[in-house]
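A short worksheet on the structure shown next.
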Amino acid sequence: MADVDPRPGRASRRRAIRNLATLVAGSPMLSLVDANGDPVQPSPTAPGAQTGRQGGAGAARQGDRPPVVSPPVYRDEIMKVINLHEFEDAAKKALSVAAYDYVAAGAGDELTLKANREAFSHYWVRRKIMVDVTRVDTSFELFGKTYDHPILLGPGGGKNIVAADGERLSAQAAKKSRAIMVGGQMPLLAEMGKKGEAPTWWGATLGEATQAQAVEFAKRSEDAGASALCLTVDYPYTSARDRPSRDLWDPEWARTRVYGTPEFRVGFQAGVLDPYTPNLTWEWFKWVRPQTKLPIVIKGILTAEDARLAVENGASAIIVSNHGARTLDGMGGTLDALPEVVDSVNGRVPVLVDGGIRRGGDVIKALALGAKAILIGRPFLWGLAAFGQDGVQRVVELLHGELRIALGLSGAGTAKAVDRSFIRPAWKPYKPAATPSSASR
Ligand SMILES: Cc1cc2nc3c(=O)[nH]c(=O)nc-3n(C[C@H](O)[C@H](O)[C@H](O)COP(=O)(O)O)c2cc1C
């Protein structure tokens, strides 16, 4: 029984379970650890501590069941935030209107922003039962390496906007939560790398102005310790975003306080066509590709045709992404685009996806439609804004924890076992196959 029965007369049983939970708190079976991986006693307000759900009931039947897996526990104000959506509420309280809007906004009417979330209700999980799911394993492989979980931190320039030294805090959090970090400040990551403190990270660029700069970027990434490059190809022009536009988002502020590169411009003004990398083409990419030995991941693919071209031109992996709905408004949700890209790629390179992923169940759907891994953008920035490094870690670890639960409950058990048999389109009712006898009736 997982939950505590609230009926009268069960109090003594609840007390017994609670006592048992306290007893086993030091036991190796109970993996309750803090952010440094050290064992901690459950805080009286930590989730599960009052109910004995942290392992008390499971401990009584050791041998029957695998151990309880509890993600690291942080201070109470963080543990009270119980899902990724609520991290946004916590961040909103901590941020100025302008900073919150900058991160939250999508382009235009934010139809695509809504579509990213809505796409997750276009598919339902086909849960399987009576399968031995004793072993729950979230690991996945990419470019010849095995990672603990398939949750990556997406590239984004907002880290230093939402928190002082946000780039460093995010990198430290990525390292602790064992998430690959896509993008980041190169000198910082190089410095961390020298001390063995850097996470696994990829250099990220929206494209460089010239071929020489592209080569220089690749070399700098290699020297700084990047294990791959991520080229975002969906940013020929900066988009119009109403919220920052209304907030009179100050490019100067972004430049000096945030990005630190003199040429960086953030506009988002209504009706202004603001070029970024409009000259990026497959020809250009074909020239750049052999200039580095690092894998190059193309981010921003949404169609079968572009996926085919990406593979043909040497992409090492593809990220199905609409830039968190921050560019062209009116595109559909990324989960809806994922199947056509996966089918077009046909296993030749790994496909990843991002956009609106907030739950472990969302991750299962992405894996079932053929994604190898997923990225999150806003959620980790919300964690950072509200609670600094611990907030980022908790966001990753909470989503990881939800993924474990979803794998355990779906009948898949392991991330690797999730395939299309675990999903069906929500709009297609089940139709029994016609049999000769039913057809002739
Ligand atoms: C504040 C902010 C800045 C971003 N900057 C970049 C960027 O510079 N390059 C890029 O490829 N994607 C950028 N993104 C998009 C994210 O990498 C990711 O694709 C997206 O946020 C995923 O959707 P989600 O926020 O719904 O999880 C940014 C997203 C946000 C929220």
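Being modelled with pLDDT under 95 and among the hydroxyl-bearing types (Ser, Thr, Tyr) is a property that does not hold for TYR123. Scanning segment 200-210 for residues that are surrounded by 13 or more Cβ atoms within 10 Å (Cβ to Cβ) and either within 16 Å of the ligand (Cβ to nearest atom) or outside the structural domain of ALA226 (by TED's automatic domain parsing) (or both) yields TRP201, TRP202, GLY203, ALA204, THR205, LEU206, GLY207, GLU208.
At least 2 residues being in contact with a Ser or Thr (Cβ under 6 Å, 6 or more places away or on another chain) is the threshold, and among the strands (runs of 3 or more DSSP E) wholly inside segment 307-408 those reaching it are 351-354. From the list LEU352, LEU407, LEU403, LEU399, the one residue that fits, being more than 16 Å from the ligand (Cβ to nearest atom), touching a residue at least 24 places away in the same chain (Cβ under 8 Å), of a type outside the set (Lys, Arg) and surrounded by 24 or more Cβ atoms within 10 Å (Cβ to Cβ), is LEU407.
Starting from residues that are buried (at least 23 other Cβ atoms within 10 Å of the Cβ) and over 13 Å from the mean Cα position of the chain (by Cα), keep the ones in segment 361-380 and report whichever is nearest to the ligand (Cβ to nearest atom). Within segment 361-380, the match that is nearest to the ligand (Cβ to nearest atom) is LYS365. Checked against the criterion of being away from the ligand (no atom under 14 Å from the Cβ), acidic (Asp, Glu) and at pLDDT 95 or above, the candidates GLU110, GLU86, GLU118 yield just one match: GLU86. Of the residues that sit in segment 336-349 and are within 23 Å of GLU118 (Cβ to Cβ) and in contact with a strand residue (DSSP E or B) (Cβ under 7 Å, 6 or more places away or on another chain), which one is farthest from the ligand (Cβ to nearest atom)? Within segment 336-349, the match that is farthest from the ligand (Cβ to nearest atom) is VAL342.
Going through (1) modelled with pLDDT under 95; (2) exposed (fewer than 13 other Cβ atoms within 10 Å of the Cβ) one by one, GLU305 falls short only on (1).
The values are calculated or read from the model by the stated rules, or taken from the named source; none is laboratory data. Here the structure is a predicted model, which means the values were calculated and not measured. Glycine also receives a Cβ, built like all others from the backbone with ideal geometry; neighbour counts cover every protein chain displayed.
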